[in-house]
1. Name the pairs whose Cβ atoms lie under 8 Å apart, with the first residue in the range 148-176 and touching a residue at least 60 places away in the same chain (Cβ under 8 Å), the second surrounded by fewer than 24 Cβ atoms within 10 Å (Cβ to Cβ) and basic (K, R), and 6 or more positions between them or separate chains?
2. Just the residues that are polar (S, T, N, Q) and either loosely packed, with under 15 Cβ neighbours inside 10 Å or more than 17 Å from R157 (Cα to Cα) (or both), please, taken from the range 169-195.
3. For E85, indicate whether it is in contact with a strand residue (DSSP E or B) (Cβ under 7 Å, 6 or more places away or on another chain), touching a residue at least 12 places away in the same chain (Cβ under 8 Å), farther than 22 Å from I2 by Cβ and not in a loop (DSSP other than H, G, I, E, B).
4. Could we say that E134 is in contact with a Leu (Cβ under 9 Å, 6 or more places away or on another chain) and either at pLDDT 95 or above or not small (G, A, S) (or both) here?
5. Could you please give the count of residues in the range 250-265 that are surrounded by 15 or more Cβ atoms within 10 Å (Cβ to Cβ) and either without any contact (Cβ under 8 Å) to a residue 40 or more places away in the chain or out of contact with any helix residue (DSSP H, G or I) (no Cβ under 7 Å at 6 or more places or on another chain) (or both)?
6. Quick check on V36: is it surrounded by fewer than 24 Cβ atoms within 10 Å (Cβ to Cβ), hydrophobic (A, V, I, L, M, F, W, C) and within 20 Å of the chain's Cα centre (by Cα)?
7. When you scan the range 152-165, do you find a residue that is more than 29 Å from A235 (Cα to Cα), modelled with pLDDT of 95 or more and over 27 Å from the mean Cα position of the chain (by Cα), even just one?
8. Quick check: anything in the range 57-66 within 27 Å of S313 (Cα to Cα) and buried (at least 22 other Cβ atoms within 10 Å of the Cβ)?
Amino acid sequence: MIVVGIDGGATSTKALALDTDTWRVAIATSGPSNPVNNGPELSGRNIRESVEKVLESLGRGISELDLVFAGLAGFDSSLVKARLEPLVRQSSGLGDKLVLDHDAYISLLSATRGEPGVLVIAGTGSIAMGYDGERRVILGDRGWLLGDEGSGFWVARLALRRLRRALDGLVPHDCLTRSLSVALGAGTSDELMYWFYLNKGIDRIARVAIHVSEAANKGCEAAQELLVRGARLLAAIASRVAVIIDVETVHGVGSLFKSRFYRRGFAEELRKRIGAKLVVGTVYPVLGALYEALRLLGYQEAARVFTDEAVLSAARRLYS
């Protein structure tokens, strides 16, 4: 059988195809496929393009395709998914051969190798998702206004507000505000506003968290405390999901987990609340999508995609 796993985001679409008869693999990328940010029509077209590319590499055609499983960014609400899913499928021209789902779900499957578990993503936004083999539990994932506790945007927003108050003379400068002032080239409140209007957008604002992490690494206690505060908030959410799913391990991925202060704060809060363990590692979401495509087709060795070196090597290249 021929299956394709897809990781579709706001900047690119990553595809990995597998021919189970020969165990040959192929990878390809195309444009963005977040149906919320990029529109369902463009999303569908880019999914189709990535599928055609990997099939061509395998010497196969669309007619030989068995199933495509795509995890897409943007499906943060079941109502949004219900509205956009048929439009994406129609635009792709793949019909019932295309199954769409949340991108966090394929990341979770990749982290747990298809087993029940909990995944926490702490990047620009944040989400805690649990899967017990039948049902899913999602907490967080409600965007910068309603949620995203402990995310890069959450850290950046608090840090920028702190800087603004210091520049306005409402609070004294500290190591964090001084560091951010230099990093952003904003020595006055007016210059900070100018920086803000040049850098509008959730992703761009969230990158300020990198400067917070750098300040923390240099010994700035204010930066360290902010990272730990965010980590504890997200760990509390993850703890709730872990209790519902009844697991003792939480997998963490995302840029914030690169900070040792964030990791330590998260792990300590997780251990204090429910005695659970944090595992941070590399996750290739497209493997989760490939696994789910095989599982839905009843392929008995679906979990092989997580250990087979040919598949793993292809996934590494796709995310390098």
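The values are calculated or read from the model by the stated rules, or taken from the named source; none is laboratory data. Worth saying up front: this structure is predicted, and the values here are computed from it rather than measured. Counting neighbours? That spans all protein chains shown, and the Cβs are built from the backbone with ideal geometry, glycine included.
1. If the second residue must be surrounded by fewer than 24 Cβ atoms within 10 Å (Cβ to Cβ) and basic (K, R), the pairs left are G150/R232; G152/R207.
2. T188
3. Yes: the conditions hold for E85.
4. So E134 fails the test.
5. Total meeting the criteria: 4.
6. yes
7. Within the range 152-165 (the criterion being more than 29 Å from A235 (Cα to Cα), modelled with pLDDT of 95 or more and over 27 Å from the mean Cα position of the chain (by Cα)), the answer is no, since none of the residues qualifies.
8. Within the range 57-66, none of the residues are within 27 Å of S313 (Cα to Cα) and buried (at least 22 other Cβ atoms within 10 Å of the Cβ).
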